[in-house]
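Below is one structure, written out as structure tokens; comments come after it.
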Amino acid sequence: MLACQVRKSELYCLIKMKRIVTHKASDLDAIASSWIIKKFLPGWDNAVIDFVPAGSKFKGTYTKEGEAIEVVDGAEVIHTDTGMGPLDHHQTNDDNVCATSRAFDYVLENGSPIAKNPQKKEALRRMVDYVIDDDHFQEVFYQNPMTETYDFSIVSLIHGIKLQYPKDDATCLRFGHDMMDAAYHYFENKIWAEEEIKEKGIKFETRWGKGIAIETLNDTVLKHAQQVGYVISVRKDPATNSIRIKARPKRRSGKFFPKGVYEDVDVDLTPVYEKLKKMDPDATWYNHVSGRMLLNGSTKNPEMNGTKLTLEQVVEVLKSI
């Protein structure tokens, strides 16, 4: 029992030997920069996080000061978005940097494995670009900036959690870090989808406009294909043999969209549904009431049966209707 207690005490001391310090009432920049250090800087995943008034530093006796990693009372300390050190940015008027961009550069230069992984590096870079824009108040220049779409962003949710727990910095920061983890996974998946479309996409023409088909585990290809202009997008899941066909949705009535947004196209996949059902009656085919979504497999209903049809056969049906 005593040995166990000693080991726990030693582990606690090791954890306490590294501190990440940021400012109270953390905004996105403070949250993202501390998250990058904790997640990507080797050896800092168990670091504790402390909060100080904005602009100040952690109190204690400094035996190493002025570098990104300082030593305070025997502990290694990194300040982010406060303290006027290498990972702060309030001492410069450069609107192309923030604490998060400096933390990003720092982990890449100091042994983070993502430096050698182009996909992970790109996912993180896109997130950093977003934080830079937010930290320099660029949201006023967003397209149609008053739309409530932006109110469901990570920035707005951080404001919301601080209103919910106004004196609980640790809870708000954990919430922010959880959102950063989720966003990072999403961006990784998005980049993978972009690569799948570029490398594996089968392009074809339909009566409704251009289409693309991909065999991939990544369902995000359907959304991305529509965003880049395809009217019809098809995905076959190699794990379940299920097919998902989506047509570009119709815009909601009364919604404003600026110039450059794709025009509505009348699509009805019912004839495709009827033909595929005849070709493979053993598969579970579902034709959405809108006529714009046809599938025979979904994570929402794992009991659906996939199809024996190949992706090429499905494409030929879409081309022939």
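Listed values, structure above:
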quantity	calculated
Residue of ALA239, ALA247, ALA103 that the Gaussian network model of the chain assigns the largest fluctuation, springs spanning Cα pairs under 10 Å	ALA239
Fluctuation leader among VAL267, VAL228, VAL131 - the chain, Gaussian network, Cα springs under 10 angstrom	VAL228
Extension gain from GLN164 to GLU199, taking 0.36 nm per residue of separation minus the Cα-Cα distance	8.1 nm
Cβ charges +1 (Lys, Arg) and -1 (Asp, Glu), total dipole of the chain, debye	1060
Fraction of beta bridges assigned by DSSP in the range 14-192 that are antiparallel (%, nearest 5)	40
Local electrostatic count at ASP129 - Lys and Arg +1, Asp and Glu -1, tallied over other residues with Cβ under 12 Å	-2
Net charge of neighbours whose Cβ lies under 14 Å from the Cβ of LEU108, counting Lys and Arg as +1 and Asp and Glu as -1	+3
Label point distance in nm, ASP133-GLU65, each placed 7 Å from Cα along Cα→Cβ	3.9
Whichever lysines have a C-alpha closer than 23 Å to that of LYS121, once near sequence neighbours (fewer than 8 apart) are set aside	LYS38, LYS39, LYS190, LYS198, LYS200, LYS223
Hits among aspartates and glutamates - C-alpha to C-alpha of LYS116 under 20 Å, sequence gap 8 or more where chains match	ASP45, ASP105, ASP129, ASP181, GLU188, GLU194, GLU195
With Cα atoms, 0 to 90° folded angle of helix 169-200 axis to the chain main axis	40
FRET efficiency, SER298 to MET84 (Cβ-Cβ, R0 41 Å, nearest 0.05)	0.20
Order by protection proxy (mean Cβ within 10 Å, highest first), peptides 303-310, 198-205, 26-33, 38-45	26-33, 38-45, 303-310, 198-205
Neighbour-count order for HIS79, HIS224, HIS185, HIS89, fewest beta carbons within 10 angstrom listed first	HIS185, HIS224, HIS89, HIS79
Set of lysines near LYS277 by C-alpha distance (under 17 Å), chain-local residues within fewer than 8 positions excluded	LYS236, LYS246, LYS308, LYS319
Separation of alpha-carbon centers, the range 18-62 and the range 275-321, rounded to whole Å	51
Acute angle (nearest 10 degrees) that the helix 311-320 long axis makes with the longest principal axis of the chain, alpha-carbon atoms	50
Label assignment, Cα extents along the principal axes in Å derived from the structure, set [x] 61, 48, 44; [y] 58, 51, 33; [z] 77, 54, 37	[z]
5 Å binning of all Cα-Cα separations within the range 14-192, expressed as whole percents from 0 upward	1, 8, 17, 21, 21, 16, 9, 4, 1, 1, 0
Approximate spin-label separation LYS319-ASN305, in nm, with each point projected 7 Å along Cα-to-Cβ	2.8
Gain in span if fully extended, HIS185 to LYS275, counting 0.36 nm per residue against the direct Cα distance	28.6 nm
Per-pair calculated FRET efficiency, R0 = 45 Å: ARG252 and ASN93 via Cβ, rounded to 0.05	0.60
Coil-residue trypsin sites (Lys or Arg not before Pro) of the range 139-195, DSSP, other Cβ within 10 Å capped at 12	LYS167
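Readers should treat all values here as calculations from the given coordinates under stated rules, not as data from a laboratory. Predicted model, so just to flag it, every value in this text is computed and none were measured. All Cβ positions, glycine included, derive from the backbone under ideal geometry; neighbour counts span all protein chains shown.
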